[in-house]
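Here the structure is laid out as structure tokens; the discussion comes afterwards.
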Amino acid sequence: MSDQMQNSDLFYDGTLYTNIPLLFDIVRQEIVINRYHQNVRMKLLSEKVKYFILAGHRFENITLAEGKEEYLSNGIYDIIFDGKASVLVKRLKRIRYPLKAEDPPGFVEEDLFYIRNGNSLYAVDSRSSLLQALDDKGELIKAYVRKNKFRFKKNIEKELMMAAAYYSTLNK
């Protein structure tokens, strides 16, 4: 979101710190802060970070159990909707090295979408994967998706948030 330090709330090692200037290095999936009263940057231990709120987004450090599916990984997830079913986004940025040495390296951005329903985390990138994640109300969700003409291409983030919000209203 920014290459400058931004004030954030950070829950680290069992303590909530407010208004802490920090950076989230999306390439390395690390949180960087300034050392206390010094202009020296240091990274925090990822396993001690529970969550942080940066620029209005809540990011959680999620550790998955061993033996889970290979498409799920431990790391920092952006919680874009929190309800009965939460929508999470794993925001990734990778360095792309060019074929020609004189060309500068660039970045490739990728967002992976998930739905957390109960204690399970489901990768979602299509109508069928959404219905699988919300299968206890599958027919109602299917009708809602059809009625609102979800395409899961351009506006997948918005469409998943709408579906999760509708699912939450069904489970009151």
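The values are calculated or read from the model by the stated rules, or taken from the named source; none is laboratory data. Model, not experiment: these values are computed from the prediction. Neighbour counts run over all protein chains shown; Cβ positions are idealised from the backbone, glycine included.
Select from the range 145-161 the residues that are touching a helix residue (DSSP H, G or I) at 6+ places or on another chain (Cβ under 8 Å) and surrounded by fewer than 17 Cβ atoms within 10 Å (Cβ to Cβ) and list them in ascending order.
Within the range 145-161, Asn148, Arg151 meet the criteria.
Filter the range 26-49 down to the residues that are part of a strand (DSSP E or B) and exposed (fewer than 14 other Cβ atoms within 10 Å of the Cβ) and list them by number.
Arg41, Met42, Lys43
Given the criteria of a type in the set (S, T, N, Q) and either surrounded by 12 or more Cβ atoms within 10 Å (Cβ to Cβ) or touching an Asp or Glu at 6+ places or on another chain (Cβ under 7 Å) (or both), does Ser128 qualify?
So Ser128 does not fit the description; no.
Could you pull out the residue among Glu110, Glu159 that is closer than 29 Å to Leu45 by Cα and among the acidic types (Asp, Glu)?
Details: Glu159 fails: closer than 29 Å to Leu45 by Cα.
Of Glu110, Glu159, the one residue that is closer than 29 Å to Leu45 by Cα and among the acidic types (Asp, Glu) is Glu110.
Give the residues of the range 162-172 that are touching a helix residue (DSSP H, G or I) at 6+ places or on another chain (Cβ under 8 Å) and in a loop (DSSP other than H, G, I, E, B), sorted by residue number.
Matches in the range 162-172: Asn171 only.
Just to be sure I understand, how many residues within the range 1-16 are of a type outside the set (A, V, I, L, M), more than 18 Å from the chain's Cα centre (by Cα) and in a loop (DSSP other than H, G, I, E, B)?
4
Say we look at the range 86-120 and pick out the residues that are among the hydrophobic types (A, V, I, L, M, F, W, C) and surrounded by 10 or more Cβ atoms within 10 Å (Cβ to Cβ); which of these is modelled with the lowest pLDDT?
Step by step, filter the range 86-120, then rank; the result is Phe107.
With the checklist (1) in contact with a strand residue (DSSP E or B) (Cβ under 9 Å, 6 or more places away or on another chain); (2) assigned to a loop (DSSP other than H, G, I, E, B); (3) on the phi > 0 side of the Ramachandran plot in hand, flag the one item Asn19 doesn't pass.
Against the list (1) in contact with a strand residue (DSSP E or B) (Cβ under 9 Å, 6 or more places away or on another chain); (2) assigned to a loop (DSSP other than H, G, I, E, B); (3) on the phi > 0 side of the Ramachandran plot, Asn19 comes up short only on (2).
Do the conditions hold for Phe24, that is, is it farther than 30 Å from Asp135 by Cα and touching a residue at least 24 places away in the same chain (Cβ under 8 Å)?
Judged against the criteria, Phe24 is a match.
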